[in-house]
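Student: Here's a structure for you.
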Amino acid sequence: MAKIPLSKGGYSPIPEGEHIFKVVSATYDDDFGKLEVELVTASGQKHTERFNLIGEDGEINEKAQNAFSFFAKTALNNFNLEEIDHEDIVGCYLKCTVEHDIQQSRKDPAKTVTFCKLTDKAPASGFETAEAPPAPASSSKPKAASSPAPAAKGGKVDLDALLG
């Protein structure tokens, strides 16, 4: 009997907190007014934003249009735009706060489902490679002359060693 390897995978939601996302694709179904925007984090976690721009009654869904307008203007960092092609946002970056909305599963009432909601959207210029270190606390004591900063991995300065 042959052994078939299984993946280690399994879905895990993007953790709550601030993340930078890159728009990797945007697809729009003009007939139904459905827009899907695929986003990815620097670590490769994926998220999809969906906008139903036309309601079930065939009329413009103003709430969805307002939400997408803010999303697109923020992604493009241009709040004077009046219209765009949906593909214009591909390649853009957004800094967002991820909040979890935990709901009871419709399929199995004994389980819950976690939805990731993006809030506090702001333009970003790309993935940040490292977080800025906290500013050192000011001290009234004069510092003694110091030797060159110890190097960490990759020849970078080890801030922890410098700051004690």
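What follows is calculated from the coordinates using simple rules that are stated; it is not laboratory data. All values derive from a computational prediction rather than experimental measurement. No Cβ is skipped: glycine too gets one built from the backbone with ideal geometry, and neighbour counts run over all protein chains shown.
Student: Provide the packing ranking of 96-105, 14-23, i.e. peptides ordered by the mean count of other C-beta atoms within 10 Å per residue, highest first.
Tutor: On the way: 96-105: 13.1, 14-23: 17.1.
In descending order of packing, they fall as 14-23, 96-105.
Student: Grab the beta carbon distance between residue 2 and residue 81, set R0 = 45 Å, and tell me the FRET efficiency rounded to 0.05. Don't jump to the answer; show the numbers that get you there.
Tutor: Values: r = 56 Å, r/R0 = 1.25.
Computed FRET efficiency for residue 2 and residue 81: 0.20.
Student: Taking a 29 Å limit on the Cα-Cα distance, which of the listed pairs 73/117; 73/107; 34/121; 22/111; 3/117; 73/111 fall beyond it? Don't jump to the answer; show the numbers that get you there.
Tutor: Details: 73/117 18 Å; 73/107 37 Å; 34/121 21 Å; 22/111 31 Å; 3/117 40 Å; 73/111 37 Å.
Correct reply: 73/107; 22/111; 3/117; 73/111.
Student: Follow-up. Say R0 is 22 Å: what FRET efficiency, to the nearest 0.05, do residue 57 and residue 106 get from their beta-carbon distance?
Tutor: On the way: r = 24 Å, r/R0 = 1.09.
Approximately 0.40, to the nearest 0.05.
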